[in-house]
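This report refers to the structure that appears directly beneath it.
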Amino acid sequence: MNYSYNQFLNPREIELKFTLVPGARETLEESGPFIAVKNETLHELTTYFDTSNALLNSAGLTFRVRRIGAGQYVQTVKSREKGVDIAANRGEWEWPLDGEMPEVGKLKEIQGLGRIAEQIEGRLQPIFVSDIHRTVRLLYLDGISSVEAVIDVGSIRSGSVSEPVSELELELKSGNVQSLYRLAAKLQKLAPLCISSESKAARGWHLRTGQTEGAQEAGTPAFVRSIRTADGFHRIIIGTLHHLIANIEPTLRGDPEGLHQMRGALKDSRAALKLFKRQLNGKKSKVLDAELRRYGQMFGIARDWDVFCLQTMPAAMADLPAVRLRDLNEVADAQRQTAHAAIVEAIQAPQFTALVLNMVVWADVCSTQPFSAGHKLMDKPLLSLAPMLLERAARRTINKAHKPGNLSAKGLHGLRKSFDDLGSDVRFLSSLYSGHDLKIYRRRCKAIKVLLGSNNDALVTRDLSAKLVTEDRPDLAKPAAELSLWSDHRHSKVLKGLKGAYEDFREAPRFWS
């Protein structure tokens, strides 16, 4: 392949990355999209540089020098991902070099990089190295788009530690990103692919420091007031899926907050389907909702054990030092580890990636062909439809909250989920509105969510405590009972405060009216 490097030619990189499980590469290379396309194999040895205090990484930049084959050298600077999309979207600037030593002065050619160039001049040192055998194919799609399909096999090394690399990268070279998603969905049906958001640079830093990139919280979609409903729905779904994928790697590396955020993204995706339910193709949305619900239940189990072991038990052991809670905690932590192992297995299974790609492609169809997505209102301005959507969501929640102090445990659980959905709905559409009324509504909605969440924690504590008492461990019955009683007393005030919080919510001005 004839590489032409120019920092002004293609300053952005848009790509999807997948982990290849054993056998996937062979299946792909024997498939229709690949088998008829000429490929080129390259050996790339890449050294990543930074200062001793990781100045570039802290600024969201990676700096590398890559040797391709026997004697071609390329210097690359990449920015951290921007935007809210499924495909990674990063700034990328490249320069050919005469040798393997970095040339910091070249960064001054790029607006915005001159200052960082001055800060790192004379301070760079090698941080980690990737040694990759790369197979490259250029695929032409739909007459207007082209995608570079790259299979990378090799390793990343930092000092004495290393980890293997086996992945597929699909980089959009021309055309529209929707073609990239459709290709990915097609390939995923041919071979088991596991979507990933972690770059080689991020993996290298993990080897170097033992730390992974942190969990990411959900964002708020930014809409122009003239946006169509179909485009708004598309952007909401893409945003929830971006949130989901961004937290895959923290979750796989055992970060409880990453798991919490992934669960929230699944709930948000379901909330979006429910919000636009009457405007969507019911058959397709039901299939997707069922899959989202299945994963949500799995994540919910793991999240309950996280809260139990990492929040409830430490607080209880501090308050009840004489009770044998440590024995209870050891058994609970084993359950927590089992739940996390199930999540890792689920994320790495091809069905998870299939769900993500199916939702991406379907959301694209909803945007480009709104009438095929369902109701004709999908082609109308979202601003004209938003009051009806929000009013319907609010009414659904209010109907479940009739006399909240008299609700059963099951009823309170349903009410909590309804307020979760309402909070997501308001966040989805909030950029269409402004003013004090919006802030009041969100604040009062959140206040009820906190109370109901606290009540749910108490119920979960009672249920999980009971599960830990088995025929093999009857000795846990007493500490489990003490823990449940402690939790009930600790959260008894929740229901007392719920009535007042609900009345405040009912009086909050409808900012969409």
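The values are calculated or read from the model by the stated rules, or taken from the named source; none is laboratory data. Note that the coordinates shown come from a computational prediction; the quantities given were computed from them, not determined experimentally. Counting neighbours? That spans all protein chains shown, and the Cβs are built from the backbone with ideal geometry, glycine included. Please note that ligands, DNA and RNA were not included when accessible areas were found on the heavy atoms of the full protein model with its side chains. Shrake-Rupley method; radii C 1.70, N 1.55, O 1.52, S 1.80 Å.
For the range 410-443, a tally of residues being under 22 Å from S487 (Cα atoms) and open to solvent by 40 Å² or more (accessible area, probe 1.4 Å) returns 3.
Filtering the range 110-121 to residues that are more than 10 Å from L56 (Cβ to Cβ) and either open to solvent by 90 Å² or more (accessible area, probe 1.4 Å) or in contact with a helix residue (DSSP H, G or I) (Cβ under 8 Å, 6 or more places away or on another chain) (or both) leaves Q111, L113, G114, R115, A117, E118, E121.
Would you confirm whether or not the range 344-359 contains a residue that is in contact with a strand residue (DSSP E or B) (Cβ under 9 Å, 6 or more places away or on another chain) and of a type in the set (D, E, K, R)? There is no residue in the range 344-359 that is in contact with a strand residue (DSSP E or B) (Cβ under 9 Å, 6 or more places away or on another chain) and of a type in the set (D, E, K, R).
Here's a check for you: in the range 460-508, which residue that is over 30 Å from A334 (Cα atoms) and acidic (D, E) is least open to solvent (accessible area, probe 1.4 Å)? By that ranking, first place goes to D504.
Filtered by the rule that a residue be farther than 22 Å from G32 by Cβ and more than 22 Å from the chain's Cα centre (by Cα), the range 154-175 gives G154, S155, I156, R157, S158, G159, S160, V161, S162, E163, P164. Among the criteria (1) among the basic types (K, R); (2) under 19 Å from A230 (Cβ atoms); (3) free of Cβ contacts under 8 Å to residues at least 24 places away in the same chain, the one K284 does not fulfil is (3). If you go through the range 329-348 and keep only what is closer than 21 Å to Q261 by Cα, open to solvent by 10 Å² or more (accessible area, probe 1.4 Å) and touching a residue at least 60 places away in the same chain (Cβ under 8 Å), you end up with Q335, H340, V344, Q348. Report whether or not K200 is modelled with pLDDT of 90 or more and open to solvent by 50 Å² or more (accessible area, probe 1.4 Å). No; evaluated as a whole, the condition is false for this residue. Just name the residue that is least open to solvent (accessible area, probe 1.4 Å) out of those in the range 204-220 that are modelled with pLDDT of 90 or more and of a type in the set (G, A, S). Going through the qualifying residues, I end up with G204.
Identify all residues within the range 221-260 that are of a type in the set (G, A, S) and open to solvent by 10 Å² or more (accessible area, probe 1.4 Å); write none if there are none.
Taking the range 221-260 and keeping what is of a type in the set (G, A, S), we get 222, 226, 230, 232, 239, 246, 254, 258.
Scanning the range 221-260 gives A222, S226, G239, A246, G254.
Of the residues making up the range 265-309, those that are open to solvent by less than 40 Å² (accessible area, probe 1.4 Å) and more than 19 Å from the chain's Cα centre (by Cα) are L275, F276, Q279, L280, G282, S285, W305, V307, F308, C309.
Being part of a helix (DSSP H, G or I), among the aliphatic types (A, V, I, L, M) and closer than 18 Å to A393 by Cα is the filter here; which residues of the range 273-295 pass it?
Correct list: L273, L275.
When K446, K380 are screened for being in contact with a helix residue (DSSP H, G or I) (Cβ under 7 Å, 6 or more places away or on another chain), in contact (Cβ under 8 Å) with a residue 24 or more places away in the chain and surrounded by fewer than 17 Cβ atoms within 10 Å (Cβ to Cβ), only K380 passes.
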